[in-house]
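The values are calculated or read from the model by the stated rules, or taken from the named source; none is laboratory data. Remember, predicted model here, so these are calculated numbers, not experimental data. Note that we place each Cβ from the backbone using ideal geometry, even for glycine, and neighbour counts take in every protein chain shown. Areas reflect the complete protein model, heavy atoms only, side chains present, ligands, DNA and RNA absent. Shrake-Rupley method; radii C 1.70, N 1.55, O 1.52, S 1.80 Å.
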Amino acid sequence: MFAEIFIFLLLTTVFLLYYWCKYTYSYWLRHGIPQSKPIPFIGNMKKTIMLKRNFGLYASDIYNEPEMADKPVVGVYIFNQPALIIRDLDLIKSILIKDFNYFSNRYGNCDPHRDALGTYNLFFARDAFWKEMRVKISPVFTSGKIKQMYPLIRQIGCELEDFLAQKGDTFVADLKDICSLFTTDSIATIAFGIKANSLKNPNGEFRRHTQPFFSFNLWRSIEFTVVFFLPKLVNIFKATMFSKEFSKFLRSAINDTIDERDRKGYERNDLIDILVKLKKEAAEGKHSFTDNDFLVAQAGVFLTAGFETSSSTMAFCLYELAKQPDLQEKLRKEIHEALLECNGNLTYEKINSLQYLNMYWKNPESFDPERFSAENKKLHHPMTYLPFGTGPHNCIGMRIGLLQSKIGLVHLLKNHHVAACKQTSKEAKLKDMGVILQFENGVYLLVKRDNMYDKIPLK
């Protein structure tokens, strides 16, 4: 009797699971939309969860499937959740701009109790909370404010030159690591009002705490997968964006800086100035952001998002320039001429006017800066190149991200030439773990000091 009941329940369960899978994974077909073939329970996530393909690259693979070439959208499944890969450029514009109100919230989420800094930051904020926060934080990212921050970043650029000078006339190094030291110091000074001194001490406190954030081991990859693709399970997996140790460090650094700035009453034209203002407004009841973690979270996401993306941009650029020395010399010539014109001190306006530096798609896998010349840009559909997104949800730190990347490249290429060496990967092999694009084994290049600008050689 019990055996018969067990068999009946087992068959019923199998029957229900079969029809659940059949119904769930035919969602897009029932709506007349072509879909990439899913696997029951994991959808189109097999390569990602097996750490065989970065999710962004896998989405690109699906986008480029020959049978989808003329389709405006492609249906996929994030585990059991239907999702769309948008191929039609006008539809992308509608989703990100025209019909933004229907798509205003990101899918990912954090646990407000275990990961308050992840929950409160601008990236994961939702609905009215996100809208009010965006309005309050935006003033720090205006062109005028960024121009005032320019000397702070430029000072870090000079420290990068000192760092390179100490390496000698010729050396081989992981340029991604060097670029990360530069951007860590840059973000620390403009977001935290702190001298991180990572270039002087690569094992210093700031670098020691920020480096693990995007170091994707198995558990870190699982955490990011849960937060971004299985947000309802963050409590079960205890997944966090900001670890307990990192959160403690951020709270200490930010709160101490805010208290000192408030006590001494001076301004430095950085993010801390805005956070001090918000803290005063909260005390006066002018807005709902009364939790100190709200202030810390904004600086935290600014730090973590800013140092990795800009350093990767710089490293990818240097890798391609090393492989194409003719393009490198063209860029260095532009930098050299601009420095001579400004007596070695590039102004904010001048660095933004450097046309070749600002170039970086018929062939998106080919490094061709001149596709972004003034003439060629006119031929581009505005939705084909969105490194910072677009519409109300575009990257709020876009201008700063670009500026610090440009400053870093100018100060690095000012007196140094990069070239491929034995340790340089022939092809850009990217990590399969994580949700961002990173080189698998670093960006090892040969760096030669040729004093293109400083004519007097080092003694």
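With the requirement that a residue be more than 13 Å from His393 (Cα to Cα), among the polar types (S, T, N, Q) and not in a loop (DSSP other than H, G, I, E, B), what does the range 120-167 give you?
Scanning the range 120-167 gives Ser143, Gln148, Gln155.
Filter the range 436-454 down to the residues that are under 20 Å from Ser180 (Cα atoms) and open to solvent by less than 50 Å² (accessible area, probe 1.4 Å) and list them by number. First the steps, then the outcome.
Residues of the range 436-454 under 20 Å from Ser180 (Cα atoms): 436-448.
Correct list: Ile436, Gln438, Phe439, Gly442, Val443, Leu445, Leu446, Val447.
Given the criteria of a type in the set (Val, Ile, Thr) and closer than 30 Å to Arg106 by Cα, does Thr424 qualify? It would help to see each step written out before you state the result.
On the way: of a type in the set (Val, Ile, Thr): yes; closer than 30 Å to Arg106 by Cα: no.
No: the conditions fail for Thr424.
Check the range 371-380 and report whether any residue there is outside any strand (DSSP E or B), of a type in the set (Ser, Thr, Tyr) and within 22 Å of the chain's Cα centre (by Cα). Steps first, please.
From the range 371-380, those outside any strand (DSSP E or B) are 371-380; that's our starting set.
Then keep just the ones that are of a type in the set (Ser, Thr, Tyr); that gives 373.
Right, trim to within 22 Å of the chain's Cα centre (by Cα) and you get none.
No, every residue in the range 371-380 fails to be outside any strand (DSSP E or B), of a type in the set (Ser, Thr, Tyr) and within 22 Å of the chain's Cα centre (by Cα).
Quick one: would you say Leu458 is open to solvent by 20 Å² or more (accessible area, probe 1.4 Å), modelled with pLDDT under 90 and among the aliphatic types (A, V, I, L, M)? Write out each step before concluding.
Working: open to solvent by 20 Å² or more (accessible area, probe 1.4 Å): yes; modelled with pLDDT under 90: yes; among the aliphatic types (A, V, I, L, M): yes.
In short, yes.
Please work out which one of (1) out of contact with any strand residue (DSSP E or B) (no Cβ under 6 Å at 6 or more places or on another chain); (2) at pLDDT 85 or above; (3) not in a helix (DSSP H, G or I) is the condition Ile351 fails and give its number.
Answer for Ile351: the failing condition is (3).
Tell me which residues, restricted to the range 33-54, are on the phi > 0 side of the Ramachandran plot and assigned to a loop (DSSP other than H, G, I, E, B). First the steps, then the outcome.
The first filter runs over the range 33-54 and keeps only residues on the phi > 0 side of the Ramachandran plot, leaving 41, 43, 51.
Scanning the range 33-54 gives Phe41, Leu51.
Which residue pairs have Cβ atoms closer than 8 Å, lie 6 or more positions apart in sequence or on different chains, and pair a first residue in the range 240-262 that is of a type in the set (Phe, Trp, Tyr) with a second residue that is not in a helix (DSSP H, G or I)?
Every condition considered, the pairs that remain are Phe242/Asp115.
Could we say that Thr313 is part of a loop (DSSP other than H, G, I, E, B), open to solvent by 60 Å² or more (accessible area, probe 1.4 Å) and either of a type outside the set (A, V, I, L, M) or at pLDDT below 85 (or both) here?
Numbers: part of a loop (DSSP other than H, G, I, E, B): no; open to solvent by 60 Å² or more (accessible area, probe 1.4 Å): yes; either of a type outside the set (A, V, I, L, M) or at pLDDT below 85 (or both): yes.
No.
Kindly provide the set of residues from the range 382-394 that are assigned to a loop (DSSP other than H, G, I, E, B), open to solvent by less than 60 Å² (accessible area, probe 1.4 Å) and not polar (S, T, N, Q), ordered by number. Working first, answer last.
First, pick out the residues of the range 382-394 that are assigned to a loop (DSSP other than H, G, I, E, B): 382-390, 394.
After this cut, where a residue has to be open to solvent by less than 60 Å² (accessible area, probe 1.4 Å) as well, the list is 383-384, 386, 388-390, 394.
Residues satisfying the conditions are Met383, Leu386, Phe388, Gly389.
Quickly run through the range 1-38 and pick out the residues that are under 27 Å from Lys71 (Cα atoms) and loosely packed, with under 13 Cβ neighbours inside 10 Å.
Result: Lys22, Tyr23, Leu29, Arg30, His31, Gly32, Lys37.
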